[in-house]
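What follows is one structure encoded as C-alpha cells, with my remarks underneath.
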Amino acid sequence: MEVLSSAQMMEADRYTIEEIGIPSIVLMENAAKGIFEEFLKCEVKKDKIAVVVGKGNNGGDGLAVARHLINNGFSVDVILIYPPEDFKGDAKINYDILKKYPVKFIQYDENVEFDSYDVIFDAIFGTGLGKAVKGVAEQVIEKINFSRGFKIAVDIPSGLSGSSYEIFGKCVKADLTVTLARPKIVHVFYPAKKMCGEVVVKDISIPDSAVSKVNPELFMLNYENLPLIYKREPDSHKGNFGHNVVIGGSKGKMGAPVMAAYASLMAGAGLTTCAIFEDYYYYLSRYPEVMAYIVQGKDFYTLNEVNAIVDFVQDKDVLTIGCGMGRNHQIKEFLAELIDKTDHFTVIDADGLFHLDEILLEKLRYRAVLTPHIGEFARLLGVSKDEVLKDRINLAKEFAIKYGVVLVLKSADTIIATPDGLLFVVSNGVPALAKGGSGDCLAGVIGGLIAQKYSLVDAAKIGCFVMNVTASLLMEEKNEKCIKTTEVIENLYRGFNKIEAYQ
Ligand SMILES: NC(=O)C1=CN([C@@H]2O[C@H](COP(=O)(O)OP(=O)(O)OC[C@H]3O[C@@H](n4cnc5c(N)ncnc54)[C@H](O)[C@@H]3O)[C@@H](O)[C@H]2O)[C@@H](O)CC1
Ligand SMILES: [K+]
C-alpha cells in the first residue's frame, strides 16, 4: 500500500474531486461513516462522547461523525475550538446540518474539562496543519492527553504533520487513528507512529488512479503485497536452490557468521557454506547441515586467505559478507580484494559495511544488498546518527540510487531503498529483535533467499518481513526480552507459514 505525504494526499483528493467528479462532501461523508464504523468496533465504555473539532475539513469530518453518533443513539458533545463563523465549505455544510440535531455545542474556554468523556474524537487538525500548534489548540491537546477517555484521532493525531515522523510540538496521543484513503508518513515511522496508537486505513472512494497520479514512491509492506514465496516442484533438488557462502567472523565474534549461515539454511538455500577459522570449527557442530570452508588464518581474515576463498566461491551463487568480521586494516584489504575478484550477488552487513568506501561501493553496483542499522549508515555517509534519524527516508533513497544498491536501513521501521528510487517500509518491527544477532540472522536469510533466485529487492522484502513475523509469533508465547536469535532462526518456518497462508 502506498504511503503518502500530506501534499500527495491533498493532490489525490483534488484530482478525485475536480477531475473524477466525486463531490468533496461525499468524501467527507464516507470518511465520517468509516470512522464511525471503527468506533463501533472499539470495546470501550461509550456512555459519553466528545467530538473536538477544529475549523478545517478535519473538523468537518468530526462534525459528520457526531451526526452518525447521534443517529445511532449515542450521547455527544461537540467541542468547538474556534468560533463557528470560521467554518467554510464542507465543514460549514456539516455544521449547519448538525445544528438541527439534538447535540450540545460547547465553545471551548479554559473551564472546559474532558475527564467526563469515555471517548474523545480528535478532529482538530489533519493534513492541513502548517506548523507547530500554539495557543488554544495546544491547551486543548494537553487537556485531551491528560483526560481518561479513549482517544480516536480523525486522520492524524492533531499536532503532527502527515508528511513527517517528527514530533515537533504538542500533539494528541491517540489510542486509535482512523486515517483516510492511504496511510501517511506520520502513521508508519517512529517516533510519530507511537502517537497514533492502532492505525486503521479506511477507503473513502479515492480511486487508485488518483493515488497513482501523485507518483507515490513509498510503499508499506504487508501480507498482501509481499513477493510470492516460490513453491518447490516435487522433483526439485538442492541444486535448484542455490549456494550461499557466508564469510565473516573474527576472534570473539565467530558466532555471527554461524548464525547467518544457519539462517540461510532455514530460509531455504539449497546449500550454505560458512567460512570458519579452524580453531573455531566447533561453533558449527550445532548445525551439521551447514558446510564448512576452513580458513587458513588464525583470528581474522588477511590477504593471505583471499585467493583460496575466491577460488572456492567461483561456482557459488551468493556471498554474505561481514557479520562479526572485525575492523582492522588487514581485514579491509582482504575484503577489498574479495569484492574486486568476485562478481557475485553479495549481502554486506555489520563490519563488512565498516570497510566500504566509494571504490568498493562502485564495484558492488547492481549486485549488492547492504544492511546497515542507523549507526552503520551514519558512518557510511559520514554524518551523525541524529542527522540520519531526521532524514532517513531521503538519505536511504539517495544512497540506493547513487550507488545502485539495495539498501536495507534497519530499525523498528526498516526502510528498503532500491536503485530505481522506490522505498518500502517494513513497519511490523518488534522489540524482541532489538538484540545482537538479529542483523546476522537477517543477512543470512536475505543471502539464502537470493541463492534461491529471488531478486535482491524481493529477498530484502521477504527477509525483513519474515523475521518480524517470526519474532512477533514468538512474543505471543515468550517474554520479549528472552527470545534468542537462534530461536528466531529455528522458528522461521512459522513466519514463512504465516506469510504463505496469505498467498
Ligand atoms: N479535502 C478532502 O477532500 C477531504 C479532506 N478530509 C479531511 O480534511 C483534512 C484536511 O483538511 P484541511 O485541509 O481543511 O485542513 P485541517 O482541517 O487539517 O486544518 C486546517 C485548518 O487549520 C488551520 N491551521 C493550520 N495550521 C495551523 C496551526 N499550526 N495552528 C492553528 N491553525 C492551523 C488552517 O488555517 C485551516 O483552517 C484531512 O486530514 C481529512 O481529515 C476528509 O474529509 C476527506 C476528504
Ligand atoms: K485529527
Of all residues in the stretch 327-348 being under 20 Å from Asp299 (Cβ atoms) and open to solvent by less than 10 Å² (accessible area, probe 1.4 Å), the one that is nearest to the chain's Cα centre (by Cα): Leu335
Please work out which one of (1) at pLDDT 95 or above; (2) near ligand 1 (Cβ under 10 Å from one of its atoms); (3) part of a loop (DSSP other than H, G, I, E, B) is the condition Asp61 fails and give its number. (3)
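Among residues belonging to the stretch 117-150 that are assigned to a strand (DSSP E or B) and surrounded by 23 or more Cβ atoms within 10 Å (Cβ to Cβ), point out the one that is farthest from ligand 2 (Cβ to nearest atom). Step through it out loud before you land on a result.
First pass over the stretch 117-150, keeping only residues assigned to a strand (DSSP E or B): 119-123, 150.
Restricting the remaining residues to those that are surrounded by 23 or more Cβ atoms within 10 Å (Cβ to Cβ) gives 119-123.
Working: Val119: 14, Ile120: 11, Phe121: 8, Asp122: 5, Ala123: 5 Å.
Checking each candidate, the answer is Val119.
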Test for Tyr117: is it at pLDDT 95 or above, assigned by TED's automatic domain parsing to the domain that holds Glu198 and within 16 Å of ligand 1 (Cβ to nearest atom): no
Keeping to the stretch 371-400, report how many residues are touching a residue at least 60 places away in the same chain (Cβ under 8 Å), open to solvent by 30 Å² or more (accessible area, probe 1.4 Å) and in contact with an Asp or Glu (Cβ under 9 Å, 6 or more places away or on another chain). 2
Can you name the residue in the stretch 1-38 that is under 23 Å from Phe189 (Cα atoms) and of a type in the set (Val, Ile, Thr) and is also farthest from ligand 1 (Cβ to nearest atom) among such residues? Val3
Please state which one of Asn30, Asn94 is away from ligand 2 (no atom under 16 Å from the Cβ), open to solvent by less than 70 Å² (accessible area, probe 1.4 Å) and either part of a helix (DSSP H, G or I) or touching a Cys at 6+ places or on another chain (Cβ under 8 Å) (or both). Asn30
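Any residue at all in the stretch 386-406 that's part of a loop (DSSP other than H, G, I, E, B) and farther than 19 Å from Glu217 by Cα?
We begin by selecting, within the stretch 386-406, every residue part of a loop (DSSP other than H, G, I, E, B); these are 391, 404-405.
This time we only want the ones that are farther than 19 Å from Glu217 by Cα, so: none.
No - not one qualifying residue is present in the stretch 386-406.
Can you find even one residue in the stretch 102-109 that is in a strand (DSSP E or B), aliphatic (A, V, I, L, M), in the same structural domain as Phe39 (by TED's automatic domain parsing) and surrounded by fewer than 22 Cβ atoms within 10 Å (Cβ to Cβ)?
Keep residues of the stretch 102-109 that are in a strand (DSSP E or B), which gives 104-107.
Still in the list and also aliphatic (A, V, I, L, M): 106.
So of that shortlist, the ones also in the same structural domain as Phe39 (by TED's automatic domain parsing) come out as 106.
Keeping just the survivors that are surrounded by fewer than 22 Cβ atoms within 10 Å (Cβ to Cβ) gives 106.
Taking every residue of the stretch 102-109 in turn, at least one turns out to be in a strand (DSSP E or B), aliphatic (A, V, I, L, M), in the same structural domain as Phe39 (by TED's automatic domain parsing) and surrounded by fewer than 22 Cβ atoms within 10 Å (Cβ to Cβ).
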When the residues of the stretch 10-31 are filtered to those that are out of contact with any strand residue (DSSP E or B) (no Cβ under 9 Å at 6 or more places or on another chain) and of a type in the set (Gly, Ala, Ser), which remaining residue is nearest to Val103 (Cα to Cα)? Ser24
Between residues in the stretch 55-73 that are in contact (Cβ under 8 Å) with a residue 12 or more places away in the chain and open to solvent by 10 Å² or more (accessible area, probe 1.4 Å) and residues that are small (Gly, Ala, Ser) and more than 14 Å from ligand 2 (Cβ to nearest atom), which pairs lie under 7 Å by C-beta distance while being six or more apart or on different chains? none
Hey, among the residues in the stretch 276-294 that are outside any loop (DSSP other than H, G, I, E, B) and among the hydrophobic types (A, V, I, L, M, F, W, C), which one's surrounded by the most Cβ atoms within 10 Å (Cβ to Cβ)? Ile276
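Could you go through the stretch 231-245 and let me know if any residue there is of a type in the set (A, V, I, L, M, F, W, C), in a loop (DSSP other than H, G, I, E, B) and open to solvent by less than 50 Å² (accessible area, probe 1.4 Å).
No, the stretch 231-245 contains no residue that is of a type in the set (A, V, I, L, M, F, W, C), in a loop (DSSP other than H, G, I, E, B) and open to solvent by less than 50 Å² (accessible area, probe 1.4 Å).
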Would a scan of the stretch 165-177 turn up a residue that is open to solvent by 10 Å² or more (accessible area, probe 1.4 Å) and touching a strand residue (DSSP E or B) at 6+ places or on another chain (Cβ under 6 Å)? yes
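Can you pull out the residues in the stretch 9-18 that are touching a helix residue (DSSP H, G or I) at 6+ places or on another chain (Cβ under 8 Å) and open to solvent by less than 40 Å² (accessible area, probe 1.4 Å)? Before the answer, list the steps.
Initial filter on the stretch 9-18 (touching a helix residue (DSSP H, G or I) at 6+ places or on another chain (Cβ under 8 Å)): 12-13, 15-17.
Those that are touching a helix residue (DSSP H, G or I) at 6+ places or on another chain (Cβ under 8 Å) and open to solvent by less than 40 Å² (accessible area, probe 1.4 Å): Ala12, Thr16.
For the stretch 254-265, indicate whether the set of residues that are open to solvent by 50 Å² or more (accessible area, probe 1.4 Å) and not β-branched (Val, Ile, Thr) is non-empty. Please lay out each step first, then the result.
Of the residues in the stretch 254-265, the ones open to solvent by 50 Å² or more (accessible area, probe 1.4 Å) are none.
Taking every residue of the stretch 254-265 in turn, none turns out to be open to solvent by 50 Å² or more (accessible area, probe 1.4 Å) and not β-branched (Val, Ile, Thr).
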With the condition kept exactly as written, say whether any residue in the stretch 67-84 is more than 9 Å from ligand 1 (Cβ to nearest atom), under 15 Å from Asp122 (Cβ atoms), assigned by TED's automatic domain parsing to the domain that holds Ala31 and part of a helix (DSSP H, G or I). yes
Is it true that Ile124 is near ligand 1 (Cβ under 9 Å from one of its atoms), out of contact with any Phe, Trp or Tyr (no Cβ under 9 Å at 6 or more places or on another chain) and modelled with pLDDT of 95 or more? yes
One residue is enough: does the stretch 439-460 have a residue meeting the conditions in a helix (DSSP H, G or I) and under 14 Å from the mean Cα position of the chain (by Cα)? yes
Extreme residue, farthest from ligand 1 (Cβ to nearest atom), among residues of the stretch 153-204 that are outside any loop (DSSP other than H, G, I, E, B), touching a residue at least 60 places away in the same chain (Cβ under 8 Å) and more than 18 Å from the chain's Cα centre (by Cα): Leu176
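Go through the stretch 298-326 and give me each residue that's aromatic (Phe, Trp, Tyr) and open to solvent by 30 Å² or more (accessible area, probe 1.4 Å).
Phe300, Phe312
When you check Asp357 against the structure, is it in contact (Cβ under 8 Å) with a residue 24 or more places away in the chain and not basic (Lys, Arg), yes or no? Before the answer, list the steps.
On the way: in contact (Cβ under 8 Å) with a residue 24 or more places away in the chain: no; not basic (Lys, Arg): yes.
Here the answer is no, as Asp357 does not meet what is asked.
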Candidate set from the stretch 40-58 (those that are in a helix (DSSP H, G or I) and out of contact with any strand residue (DSSP E or B) (no Cβ under 6 Å at 6 or more places or on another chain)); member that is nearest to ligand 2 (Cβ to nearest atom): Asn57
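Name the residues in the stretch 466-498 that are within 15 Å of Gly268 (Cβ to Cβ) and open to solvent by less than 50 Å² (accessible area, probe 1.4 Å), would you? Break it down stepwise before answering.
Within the stretch 466-498, the subset within 15 Å of Gly268 (Cβ to Cβ) is 466-467, 470, 489-497.
Result: Val466, Met467, Thr470, Ile489, Asn491, Leu492, Gly495, Phe496.
The values are calculated or read from the model by the stated rules, or taken from the named source; none is laboratory data. Only a predicted model underlies this, so the values are computations on that prediction, with no experimental measurement involved. In this analysis, Cβ positions are derived from the backbone assuming ideal geometry, glycine residues included, and neighbour counts consider all displayed protein chains. Areas reflect the complete protein model, heavy atoms only, side chains present, ligands, DNA and RNA absent. Shrake-Rupley method; radii C 1.70, N 1.55, O 1.52, S 1.80 Å.
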